[in-house]
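Step one of this worksheet: look at the structure below.
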Amino acid sequence: MVKIRLKKTGAKNWVSFRIVVCDIRKQRDGMMLEELGYYDPRRSDEKLDVERLEYWTGVGAIMSETVKDIYDRAKNGKSKKYGEPDPYTKKKCFKKESKEG
């Protein structure tokens, strides 16, 4: 069985991922069949070859949850680009307002 998942790359405390097609019996960072793109969560940067991913899913490959999210963003044209912050990771200000009366 073939799975589309993330392969961990990068240095300690600076992790990035490659989106790869591999056999489910192989290790996470082991041999892969094809590389489809990359995902860098620290820089909010991602790139995915949608045509090849659709080919592999048509053949019977299964996507992981994270790859599904990246695929949905890429298909809708809302892929993350280098330097743009994630809208869902911004911290909200929870300071209590002082009541003056």
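The values are calculated or read from the model by the stated rules, or taken from the named source; none is laboratory data. Because the structure is a prediction, the values reported are computed rather than measured. Here the Cβ is made from the backbone with ideal geometry for all residues, glycine too, and neighbour counts use every protein chain on show. Each accessible area value is taken on the protein alone, full model and side chains, heavy atoms only, with ligands, DNA and RNA left out. Shrake-Rupley method; radii C 1.70, N 1.55, O 1.52, S 1.80 Å.
Looking only at residues that are without any contact (Cβ under 8 Å) to a residue 40 or more places away in the chain and in contact with a strand residue (DSSP E or B) (Cβ under 6 Å, 6 or more places away or on another chain) in the stretch 41-60, which one is farthest from R73 (Cα to Cα)?
My answer is R52.
What are the pairs with Cβ atoms under 9 angstrom where one residue, in the stretch 27-40, is within 17 Å of K78 (Cα to Cα) and the other, located anywhere, is exposed (fewer than 12 other Cβ atoms within 10 Å of the Cβ)? Sequence gap at least six, or different chains.
From the stretch 27-40, the pairs are D40/Y82.
If you go through the stretch 17-43 one residue at a time, how many are among the small types (G, A, S) and over 18 Å from the mean Cα position of the chain (by Cα)?
1
How about the stretch 1-16: which of its residues are in contact (Cβ under 8 Å) with a residue 40 or more places away in the chain and assigned to a strand (DSSP E or B)?
V2, K3, I4, R5, L6
Answer yes if at least one residue in the stretch 66-79 is modelled with pLDDT under 80 and in contact with a helix residue (DSSP H, G or I) (Cβ under 7 Å, 6 or more places away or on another chain), and no otherwise.
Within the stretch 66-79, one or more residues are modelled with pLDDT under 80 and in contact with a helix residue (DSSP H, G or I) (Cβ under 7 Å, 6 or more places away or on another chain).
When you look at T57, is it of a type in the set (S, T, Y) and modelled with pLDDT under 90, yes or no?
Spelling it out, it is not the case that T57 is of a type in the set (S, T, Y) and modelled with pLDDT under 90.
I need the full set of residues from the stretch 17-49 which are β-branched (V, I, T) and at pLDDT 90 or above, in order please.
I19, V20, V21
Give the stretch 18-73 a look and list any residue that's closer than 15 Å to K7 by Cβ, aliphatic (A, V, I, L, M) and not in a loop (DSSP other than H, G, I, E, B), or say none.
The answer is I19, V20, V21, L36, L48, L53, M63, V67, I70.
Of all residues being over 16 Å from K68 (Cα atoms) and of a type in the set (S, T, Y) in the stretch 15-45, which is surrounded by the most Cβ atoms within 10 Å (Cβ to Cβ)? Just the residue, please.
For the stretch 15-45, the residue satisfying everything is S16.
Is it the case that some residue within the stretch 80-101 is out of contact with any helix residue (DSSP H, G or I) (no Cβ under 9 Å at 6 or more places or on another chain), modelled with pLDDT of 75 or more and open to solvent by less than 80 Å² (accessible area, probe 1.4 Å)?
no
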